[in-house]
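Reviewing the structure listed below.
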Amino acid sequence: MEQPTQAIVLNATKYGETSVILHAYTQQAGLRSYVVKGVRLAKRKKTFSMGMFQPLTQLELVATTPKGAGLSVLKSAKITNPYTTISTQITKSSICMFLAEVLRSVLKEEEENPSLYHFLEHALIWLDTHDKVVNMHIHILIQLTKYLGFYPDISNISQPYFDVQNGQFCRYANSKECIAGSEVSLLKTYLGMKFDMLDTILATTEERRALLTLLMQYYQRHLQSFRMPKSLDVLYEVFS
């Protein structure tokens, strides 16, 4: 039996007739996958419920790992930070769906990264406990680049162009990947912004959408494994 680990759910996929494979980002071991047996059974008395494995739910997990090759088997799970609004507000649940898909695409390491885990933990609690969240997903995407190794270089932030390839601001458009416009101005506003100041960012739906498109291009350029989230269109619709 393993020691309990804190985890953030990324997704759960069907496995056999009655089980699922739970993919989670854990505080102690980075990415982990678990077999959750019998969770899709119709009987009333079950150890687990599918509701526990919604995207970005925070859990404490205990599992056993076979001596030979094979996935760990989940033995117990309990919600550690119950959300009160995420599951009932379409804006917040859509943000979580989108962020979970992004995280599944960009998190690859099977080793602990406490600072990244605590950032995600705090960000999700903040999302659940605050009302003005239209800027939240953009803020998380930008901050996440710190932990992934391609946070924009802000030493020349006063320059008008943003070089997507090199992640820096520049005076001239030296290539097709140098972008200028309202989305770059808005990006500068987000850089260095704290959670509690997000509601001071005034932007139109079109401006936030343009910045989100720029950030998706930025992720694609710096992470070969990055796949454009299918839930992006849902997010656009929710914020339209």
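Rule-based calculations on the coordinates, nothing more; no lab input. Since this is a predicted model, take the numbers as computed values, not measurements. No Cβ is skipped: glycine too gets one built from the backbone with ideal geometry, and neighbour counts run over all protein chains shown.
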Using alpha-carbon positions, the gyration tensor of the range 5-79 gives root eigenvalues a ≥ b ≥ c; with a/c under 1.5 called rounded, otherwise prolate if a/b exceeds b/c, else oblate, the class is oblate
Output the DSSP H helices from the chain with an along-axis C-alpha extent of no less than 27 Å and a mean Kyte-Doolittle hydropathy no less than 0.0.
none
Residue (of 25, 126, 181) at the positive-pole extreme of the chain, dipole from beta-carbon charges:
25
Can you order the peptides 80-89, 98-107 by their average number of other Cβ atoms within 10 Å per residue, highest first?
98-107, 80-89
If you add up the charges near residue 237, with Lys and Arg at +1 and Asp and Glu at -1, over every other residue whose beta carbon is less than 13 angstrom from its beta carbon, what do you get?
+1
Neighbouring Cβ atoms within 10 Å as the yardstick, rank 140, 90, 179, 154 fewest first.
90, 154, 179, 140
Computed over the chain: relative contact order in percent, which uses C-alpha pairs under 8 Å that are six or more apart:
16 percent
From the helices alone, meaning DSSP H stretches of at least four residues, give me the mean residue ellipticity at 222 nm for the chain, per-run term -39500 (n - 2.57), in deg cm²/dmol to the nearest 500.
-10500 deg cm²/dmol
Within the set of other residues whose C-beta is less than 9 Å from the C-beta of residue 27, count the net charge using Lys and Arg as +1 and Asp and Glu as -1.
-2
Ranking of 199, 233, 128 by count of other Cβ atoms within 10 Å, fewest first:
233, 199, 128
Signed unit charges on C-beta, dipole axis of the chain, positive-most listed residue 16, 93, 56
16
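So what's the net charge close to residue 90: Lys and Arg +1, Asp and Glu -1, counting the other residues with Cβ under 15 Å from its Cβ?
Computed value for this residue: -3.
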DSSP loop GluC sites (Glu not before Pro) in the range 168-240 with at most 15 other Cβ atoms within 10 Å of their Cβ, which ones?
177
Taking the Cα centre of the range 5-79 as origin and charging only Cβ (+1 Lys, Arg; -1 Asp, Glu), how large is the dipole, in debye to the nearest 20?
360 debye
Qualifying trypsin sites (Lys or Arg not before Pro) for the range 169-203 [loop in DSSP, other Cβ within 10 Å: at most 14]:
171, 176, 194
List the GluC sites (Glu not before Pro) within the range 1-76 that DSSP assigns to loop and that have no more than 10 neighbouring Cβ atoms inside 10 Å.
17
